[in-house]
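Following: one structure in structure tokens, then a few remarks.
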Amino acid sequence: MKTIQLVERLGIENLKIVEQTKPQPTPEQVVVKIEAVSLNYVDLLVVKGLLNSNLSLPYIPVCDGAGIVEKVGEKVKAFKTGDKVATTFIPDWMNGEPTMQTTDYKNRQGLGNIFGQLSQYKCFSIDRLIWIPRNLTTVEASTLPIAGLTAWNALNYGNLQADNTVLLHGTGGVSIFALQFAKARGAKVIITSSSEEKLKKAQHLGADLVINYRSDRDWETTIRRMTDGKGVDVIVETVGGRNIERSLNALRMGGHISVVGLLDGMKATIDILSLIHQQATIRGLEVGGTHQFAAMNREIESLDIHPVVDRIFPFEQTQEAFEYLEQSLHFGKVVIAL
């Protein structure tokens, strides 16, 4: 079987195809034929060594994937041959609130300690898999584990209602999922981007108001005007850094900001007086647990929501897929088909 590995050095240019023996499951494992993986910003950080510059090589990257169960260990009852499954990103967080133990980074696939999904076949323990929605293909389902679940929880934690307005930054995977979920619930959506072409695509998906943040440097004021001075109810903060304070300026009194990204950096300065006056809630969140993943899948299936896949790259063009992601050319998700 073929895998994609960082063999001797870190960096996109060092992703190589490597032949390996097809794995066999233990009695408590299943073998999955991986059909698709989707790329997230964290995968780029891993490959470039920005998450861990001392990553032990060789290493198979990419956190999210989906495929078909091909072989089942004799003690496994949860899955059967032919089941369509997706990977889980935080496998120990099965139920309830997150804890230090259930969200340990060491147990996550694709982050450095456990191999990721860029492999034609892979063995999994059952806690690292979940059934996909019946209305989705494995290509579509590969986009769910991080981006889909992050967007879904970001709206849920903000208690988004049908008469609310949500602000989304950019047109990457999380924002486009949030746009789809918000519109399915009847909410109004404002979305920002520096690309007029991407803003037009967002409008076709149902975005009610769009803002080009490059041509409109004072977009917070614009949003206030668009909302009759009130501000938005919920913000999915995918940018982080300095953008958080600007988001706070666009938020209504008592509104909610779900912080899920750090594209603008890991440090933020916030005007505490504004935070107090706004009586705002700013909550960091990290993807979600398996119980939330299952609930999201039920909603996707019942509402027949289909993830937006911008491009599907063949396995042999993995380097090109990462370069496409790095250049922020995508609208929605970037997928590699195996």
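The values are calculated or read from the model by the stated rules, or taken from the named source; none is laboratory data. Because the structure is predicted, anything quoted here is derived from the model rather than measured. Glycine gets a Cβ as well: all are built from the backbone with ideal geometry, and neighbour counts include every protein chain shown.
Scan 83, 92 and give me the residue that is touching an Asp or Glu at 6+ places or on another chain (Cβ under 9 Å), over 20 Å from residue 308 (Cβ atoms) and either in the same structural domain as residue 20 (by TED's automatic domain parsing) or not hydroxyl-bearing (Ser, Thr, Tyr) (or both). Lay out the reasoning, then the answer.
Values: 83 fails: touching an Asp or Glu at 6+ places or on another chain (Cβ under 9 Å).
One residue alone meets the criteria, 92.
Based on what the data block shows, is residue 17 surrounded by fewer than 15 Cβ atoms within 10 Å (Cβ to Cβ), touching a residue at least 40 places away in the same chain (Cβ under 8 Å) and hydrophobic (A, V, I, L, M, F, W, C)?
Details: surrounded by fewer than 15 Cβ atoms within 10 Å (Cβ to Cβ): yes; touching a residue at least 40 places away in the same chain (Cβ under 8 Å): yes; hydrophobic (A, V, I, L, M, F, W, C): yes.
It is true that residue 17 is surrounded by fewer than 15 Cβ atoms within 10 Å (Cβ to Cβ), touching a residue at least 40 places away in the same chain (Cβ under 8 Å) and hydrophobic (A, V, I, L, M, F, W, C).
If we only count helices (runs of 4 or more DSSP H) wholly inside segment 78-187, which ones have 2 or more residues that are under 24 Å from residue 244 (Cα atoms) and touching a helix residue (DSSP H, G or I) at 6+ places or on another chain (Cβ under 6 Å)? Please lay out each step first, then the result.
Numbers: elements: 138-141, 149-157, 173-184.
Once the helices (runs of 4 or more DSSP H) in segment 78-187 are filtered for at least 2 residues that are under 24 Å from residue 244 (Cα atoms) and touching a helix residue (DSSP H, G or I) at 6+ places or on another chain (Cβ under 6 Å), what remains is 149-157, 173-184.
For segment 228-236, indicate whether the set of residues that are farther than 19 Å from residue 63 by Cβ, in contact (Cβ under 8 Å) with a residue 12 or more places away in the chain and assigned to a loop (DSSP other than H, G, I, E, B) is non-empty.
Taking every residue of segment 228-236 in turn, at least one turns out to be farther than 19 Å from residue 63 by Cβ, in contact (Cβ under 8 Å) with a residue 12 or more places away in the chain and assigned to a loop (DSSP other than H, G, I, E, B).
Might you check whether a residue that is of a type in the set (Gly, Ala, Ser), in the same structural domain as residue 38 (by TED's automatic domain parsing) and either crowded, with 19+ Cβ neighbours inside 10 Å or closer than 22 Å to residue 35 by Cβ (or both) occurs anywhere in segment 312-333? Can you show your working first?
Of segment 312-333, the ones of a type in the set (Gly, Ala, Ser) are 321, 328, 332.
Among the residues that remain, those that are also in the same structural domain as residue 38 (by TED's automatic domain parsing) are: 321, 328, 332.
Within this subset, residues satisfying the condition of being either crowded, with 19+ Cβ neighbours inside 10 Å or closer than 22 Å to residue 35 by Cβ (or both) are 321, 332.
Scanning segment 312-333, I find at least one residue that is of a type in the set (Gly, Ala, Ser), in the same structural domain as residue 38 (by TED's automatic domain parsing) and either crowded, with 19+ Cβ neighbours inside 10 Å or closer than 22 Å to residue 35 by Cβ (or both), so the answer is yes.
Among the residues of segment 70-99, how many are free of Cβ contacts under 8 Å to residues at least 60 places away in the same chain and either of a type in the set (D, E, K, R) or over 28 Å from residue 12 (Cα atoms) (or both)?
So the answer is 18.
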